[in-house]
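Novice: Starting off with a structure, shown below.
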Amino acid sequence: MNRLYYYLPVAILAAATTVGCKQKANAEEVVLMVEGLKIENLDTTANPGSNFYRFATGGWSDANPIPDEYSRYGSFDQLRENNQKQIKDLIIELGKTENKQGSTAQKIGDLYKLGMDSVKLNTDGGTPVLEQLATINAASTVEDIIVLSGKIRHYTSAPFFGFYVGADDMNSSMNIAHIYQSGLGLGEREYYLATDPTSKSLREGYIKLMETQFKHAGYTEADAKAAATAVMKIETALAKSHFEKEKTRVPELNYHKMQVSSLNDSIAKFKWDEFFTAVGAKDLKELNVSQKEPIIAAVKLIQSTPVKDSKAYLSWCLINAASKYLDDEFVNANFEFYGKEMSGSKVIQPRWKRTVNTINESLGEEVGQLYVEKYFPPKAKERMLDLVKNLKESLSERINNLEWMSKETKAKAQEKLGTFIVKIGYPDKWRDVSALDIKDDNYWANIVRASNFEFDFMLSKLGKPVDRSEWLMSPQTVNAYYNPTTNEICFPAGILQPPFFYMDADDAVNYGAIGVVIGHEMTHGFDDQGRKYDKNGNMTDWWTPEDAKKFEERAKVLADHFSNIVVLDDLHANGQFTLGENIADQGGIQVSYYAFMKTKQGQSGEKIDGFTPQQRFFLAYANLWAGNIRDAEIRRLTKIDPHALGKWRVDGALPHVEAWYKAFNITDKDSLYLPLEKRSSIW
């Protein structure tokens, strides 16, 4: 699934203050509710107009310091932890009976046992990857490297450049092959090129990690150093050619459909047929070259790099992918860099959590079937369908009322909204995974089998119609998404729990929480990326030039606002990179609030726990992003995450929402106050 997210806008939902006298009186009226907004999550000594995030979530933050195993800990993480425990209980229950080979229970149970068997893992050491390493080290020509780079991507990261099968952006009913920039062990080009002290230190740490892991795999110290140097040289060269992350968010700049027979002339001379045959896409006729210049650079790099260095790079792709599934030496070294140095976590997660995560990744739908049967009541789906219906009506009305958009573009927007596919809870049909074998040989061997199974499943779509019933997330996932090429919004069962969704809470809480999430995903269909896809999921310009210009002007206000936010020391947020998510947040808040105000509670002024319905709406929204985060993770996420940090999804988004000002009596004397001309209003 992750291969789909390289650039395509499949939109995934992740100081001292003064006393706020305006709200202090409300705090004295508190009567705790059984279900819904928890007043103890608030800090009513904070001024909502200066730090609404603290006001709404300060109590939660104080009561939930970051556990040592986390670099960030918030409402999402708390709910994911609960899901992990639920899944662990399911797995333990499965293990109480004898299970038939090939059954769901056998697969899940055996993979869990292998992941938990520290004695076997430590006895095996690096043995599970030795045969694969030997195959790589047997390469003697550039052609061997080309073939190997096609084969090992089935179960490692994508070496040199990426490959996946998915919808054709210009003909969304059909699947085609895509190749795209990839191949960086640090994930983001800036880590290789930036000259700030943190980036320099991380590069040094990365080289040290590679040297350590190569030695764990049996290299001598001298060979390990040489291999790490070669890998760093290759990855740095790749990084220099990569598009900046902001550019990868412009769909039309990442689409170049062409015939495979023309690649030698249009891209670079290369043994394309041998590569695609090795990948498993023999006789491929056409594809999309997402980012041309990086692919050209990668192909030339393959052909100009000494074979010995390329073997070191491919070996590292393998070792780095396998490290989490080998002995404690590999696992701990991986954590010391990626978990501790790069993200700021203090200790590694317990083995059972890591193993549950692996099972979710490898057997997601099989776990999902068990999960929804036990934990997802049909009534939750019914209530969600009602909420989605209300939110669609709200967005439709808001589109009709837009002063800045022409009737022509409004009609197209309404067509797109009217054809949204809505997925809630779990798929209507489950994938057949009976061909996937889980055996008792070793942990890594099963990860390879599961990865090969997924890669083959992806390849089976090549040249075939897009299955619009397919889910891109497993049901137990605590998240949601919008997919532009299928024009769908999806809300897995995993997220339909508190603090996102309550079966018995008042409307203010549900509209402020899951209602905003629904509105967020709907708005992604009309953000700076989603707006470039029509009702059928095809990338096409359905806007009048005048309306497109007005949209961009309004979006720029939001981008500039977030770019001016200082998240840590002298580090600013990236308003352009996070623009899509910020538009979706703002749209989700506006659309859900508009729908909420039509409810009986929304039209009343009756207080609960001392807060008006309108105040409860915004407090519920803020509580979605309650959390604490380490400085290292702030820096990392600001580089790689298209979402604003949790605090700024509140304090950055709400100052653009007029209803928030009214609900909390925010004035120009408050530091979060924005003059009307500096507020962005799009949807």
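The values are calculated or read from the model by the stated rules, or taken from the named source; none is laboratory data. Quick caveat, the model's predicted, so the values are computed rather than measured. All Cβ positions, glycine included, derive from the backbone under ideal geometry; neighbour counts span all protein chains shown.
Novice: Select from segment 638-647 the residues that are buried (at least 22 other Cβ atoms within 10 Å of the Cβ) and assigned to a helix (DSSP H, G or I) and write down the one among them that is nearest to the chain's Cα centre (by Cα).
Specialist: Here the residue is G646.
Novice: Taking E336 as the residue in question, decide whether it is in a helix (DSSP H, G or I) and assigned by TED's automatic domain parsing to the domain that holds V165. Outline the logic, then answer.
Specialist: On the way: in a helix (DSSP H, G or I): yes; assigned by TED's automatic domain parsing to the domain that holds V165: no.
So E336 does not fit the description; no.
Condition check ((1) of a type in the set (F, W, Y); (2) more than 28 Å from the chain's Cα centre (by Cα)) across all residues:
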{"residue": "D117", "(1), (2)": "no, yes"}
{"residue": "D124", "(1), (2)": "no, yes"}
{"residue": "L130", "(1), (2)": "no, yes"}
{"residue": "N137", "(1), (2)": "no, yes"}
{"residue": "S140", "(1), (2)": "no, yes"}
{"residue": "I145", "(1), (2)": "no, yes"}
{"residue": "Y164", "(1), (2)": "yes, no"}
{"residue": "I176", "(1), (2)": "no, no"}
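Novice: Then there is this: When only residues in segment 592-608 that are touching an Asp or Glu at 6+ places or on another chain (Cβ under 9 Å) and assigned to a helix (DSSP H, G or I) count, which is surrounded by the fewest Cβ atoms within 10 Å (Cβ to Cβ)? Please lay out each step first, then the result.
Specialist: Filtering segment 592-608 down to residues touching an Asp or Glu at 6+ places or on another chain (Cβ under 9 Å) leaves 594-596, 598-602, 607-608.
Applying the additional criterion that residues be assigned to a helix (DSSP H, G or I) yields 594-596.
Values: Y594: 21, A595: 25, F596: 26.
So, considering only residues that are touching an Asp or Glu at 6+ places or on another chain (Cβ under 9 Å) and assigned to a helix (DSSP H, G or I), the one surrounded by the fewest Cβ atoms within 10 Å (Cβ to Cβ) is Y594.
Novice: How about segment 122-148: which of its residues are part of a loop (DSSP other than H, G, I, E, B) and surrounded by fewer than 18 Cβ atoms within 10 Å (Cβ to Cβ)? First the steps, then the outcome.
Specialist: So the first thing to find is which residues in segment 122-148 are part of a loop (DSSP other than H, G, I, E, B), and the list is 125-126, 138-141.
Selection gives G125, A138, S140, T141.
Novice: Which pairs do you get when a residue that is closer than 21 Å to G530 by Cα, found in segment 460-481, comes within reach of a residue that is assigned to a loop (DSSP other than H, G, I, E, B), reach meaning Cβ atoms under 6 angstrom, with the pair 6+ apart or on two chains?
Specialist: If the second residue must be assigned to a loop (DSSP other than H, G, I, E, B), the pairs left are R468/T486; W471/P427; L472/M1; N479/L13; A480/L13; Y481/V10.
Novice: Give segment 482-505 a look and list any residue that's of a type in the set (G, A, S), modelled with pLDDT of 95 or more and surrounded by fewer than 24 Cβ atoms within 10 Å (Cβ to Cβ), or say none.
Specialist: Scanning segment 482-505 gives no hits.
Novice: Check A450, A508 and return the single one that is at pLDDT 95 or above, in contact with a Leu (Cβ under 9 Å, 6 or more places away or on another chain) and closer than 20 Å to I87 by Cβ.
Specialist: On the way: A508 fails: closer than 20 Å to I87 by Cβ.
After ruling out the rest, the residue left standing is A450.
Novice: Still on this structure: Could you tell me which residue of segment 149-194 is surrounded by the most Cβ atoms within 10 Å (Cβ to Cβ), considering only residues that are out of contact with any Lys or Arg (no Cβ under 6 Å at 6 or more places or on another chain), more than 23 Å from T236 (Cβ to Cβ) and polar (S, T, N, Q)?
Specialist: S172
Residues checked against (1) surrounded by fewer than 20 Cβ atoms within 10 Å (Cβ to Cβ); (2) closer than 25 Å to A505 by Cβ; (3) not β-branched (V, I, T):
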site: T44; (1), (2), (3): no, yes, no
site: T57; (1), (2), (3): no, yes, no
site: Q86; (1), (2), (3): yes, yes, yes
site: N99; (1), (2), (3): yes, no, yes
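Novice: Right, L402: more than 21 Å from L111 (Cβ to Cβ) and outside the structural domain of L624 (by TED's automatic domain parsing) or not?
Specialist: no
Novice: Just to be sure, is D609 within 28 Å of the chain's Cα centre (by Cα) and farther than 17 Å from G515 by Cβ? Walk me through it before giving the result.
Specialist: Details: within 28 Å of the chain's Cα centre (by Cα): no; farther than 17 Å from G515 by Cβ: yes.
No, not satisfied.
Novice: Moving on to the next point. Exactly one of (1) modelled with pLDDT of 95 or more; (2) in a helix (DSSP H, G or I) is unmet by I91. Its number?
Specialist: (1)
Novice: Name every residue in segment 202-220 that is in a helix (DSSP H, G or I) and of a type in the set (F, W, Y), in order of residue number. Steps first, answer last, please.
Specialist: Filtering segment 202-220 down to residues in a helix (DSSP H, G or I) leaves 202-216.
Listed by number, the residues that qualify are Y206, F214.
Novice: Further, regarding this structure: Within segment 434-457, can you find the residues that are crowded, with 17+ Cβ neighbours inside 10 Å and either polar (S, T, N, Q) or within 30 Å of L385 (Cα to Cα) (or both)?
Specialist: Hits for segment 434-457 are N442, N446, S451.
Novice: Take I152 and decide whether it is aliphatic (A, V, I, L, M) and not in a helix (DSSP H, G or I). Even if it seems obvious, please write down each step before you answer.
Specialist: Details: aliphatic (A, V, I, L, M): yes; not in a helix (DSSP H, G or I): no.
So I152 does not fit the description; no.
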